[in-house]
1. Roughly how many debye, to the nearest 20, is the charge dipole of the stretch 2-173 about its Cα centre, given +1 on each Lys and Arg Cβ, -1 on each Asp and Glu Cβ, and no other charges?
2. Helix check for the chain. Which DSSP H runs span at least 24 Å along their own axis by Cα, with a mean Kyte-Doolittle hydropathy no less than -1.0?
3. Can you compute log10 of I(q)/I(0) for the stretch 89-194 with the Debye formula, treating each Cα as one identical point scatterer, at q = 0.10, 0.14, 0.16 Å⁻¹?
4. If you roll a 1.4 angstrom probe over the protein chains with everything in place, what fraction of the accessible area of the chain belongs to carbon and sulfur, to the nearest %?
5. Determine the alpha carbon to alpha carbon distance for each of Lys130/Lys321; Lys19/Lys290; Lys190/Lys290; Lys190/Lys321 and list only those over 20 Å.
6. Taking the Cα centre of the stretch 179-317 as origin, work out the dipole magnitude from +1 charges on Lys and Arg Cβ and -1 charges on Asp and Glu Cβ, in debye rounded to 20.
7. One quarter of the convex hull surface, Cα atoms only: what value does that give for the stretch 2-173 in nm²?
8. Out of the DSSP beta bridges found with both residues in the chain, what percent are antiparallel (nearest 5)?
Amino acid sequence: MQALAEARANIALVKYWGKLDAALNLPAVPSLSLTVDALTTRTSVRFDPSRTLDALFIDQKPADPRALGRVSRHLDRVVGSAAANARMFAEVRSTNDFPTAGGLASSASAFAALTLAAVAAAGRESDPTKLSVLARQASGSAARSILGGLVLLGVGTPGQVDSSFATQVASEGEWPDLRLVIGIASEAPKEIASTDGMNQSESSPYYAPWTSSAPADIARAMDAIARRDLPALGAVAERSALRMHACALAADPGVVYLRGPTVEGLHAIRKLRARGVPAWFTCDAGPHPKALTSPEDAAQVARALAEVPGIQRTIIAAPGKGALLLDGQRVSASSFTPETRIA
Ligand code: 2P0
């Protein structure tokens, strides 16, 4: 009846931006991410026959009705509708060790942890593929946080809910020598939610070229990972981030996540690279500049980002684990091993 799960955020190296089927939340492009050890959400779910409503606490505070509604809909999706008496109402408590909803992928770790905790609390059978299909329906990037290390999220087939899921490309132990340095530009929630930014980006004249060029970026990233080639992976990552933002900026009206510190962060990282430091820029639906680099160079990259005006602090993140249960429970496994599609 109750379970406690933990999941880590992930940062996409090849970005997810756009939906093939909004109702089923199927991505229009394949994406590839690194699950990171430094950004963790811990979520407990307790189904309680005496409850008459779901309750949600985020960082110890009662959540707003919109967040509660999103969580209730996800519980309905995972274990059945409360309104139809198919499940009990639940108390959900979630804590983040990083700022919520500010472009640091809190929805990824939050919905991955919620999915696993809810499945376990309900005593359901599952496996990473099914868990990622469930998590994806709440938040596309959450599908990737089910797994650790470098993770691929495939595109789907319209109308088929289980057609897009995450698979692990290299575990956190298989390529441990990667670091993501994050420059925190603001602790405030972002102004345009990712879902809205993506929907708006469909009006961009660059939307079609953005989606059609993504499979080639995935192929290059997969090849770089197979060779453990950081410069090749970094080059794809920087290009994918800039293309995603170019697509968003050209929407009508333009979707602008970039702030002064984001752009200055990009220049600082390129300047380091010109001096021979292996570091490549990325950024997401928020203002924080991030850099992919090596363990040896991470401190130097963090110092360079910390000097950018407007950067308040930096986080150095290593490859992290996938979602896991913390209270000794297990989700019983079912067998289901489909193939990931990237195009
Ligand atoms: C990514 N982002 O690949 C991209 C890059 C942000 C920029 O996935 O609409 O919150 O809930 O599926 O998962 C953020 O999008 O979007 C995201 P929905 P989500 O990480």
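1. Numbers: 17 positive and 14 negative charges, 58 e Å.
Taking the Cα centre of the stretch 2-173 as origin, the dipole is about 280 debye.
2. Numbers: long enough: 207-226 (29 Å, 0.22); 230-249 (28 Å, 0.80).
Sorted by number, the helices that extend far enough and score high enough are 207-226, 230-249.
3. -0.33, -0.65, -0.83
4. Percent of accessible area from carbon and sulfur atoms in the chain: 53.
5. In this structure, Lys19/Lys290; Lys190/Lys321 exceed 20 Å between Cα atoms.
6. Values: 15 positive and 14 negative charges, 106 e Å.
The dipole magnitude comes to about 520 debye.
7. Numbers: hull surface 37.7 nm².
Quarter of the Cα hull surface area: 9.4 nm².
8. 90
The values are calculated or read from the model by the stated rules, or taken from the named source; none is laboratory data. Quantities reported herein were computed from a predicted structural model and do not represent experimental measurements. Glycine also receives a Cβ, built like all others from the backbone with ideal geometry; neighbour counts cover every protein chain displayed. These accessible areas exclude ligands, DNA and RNA; they are computed on the full protein's heavy atoms, side chains included. Shrake-Rupley method; radii C 1.70, N 1.55, O 1.52, S 1.80 Å.
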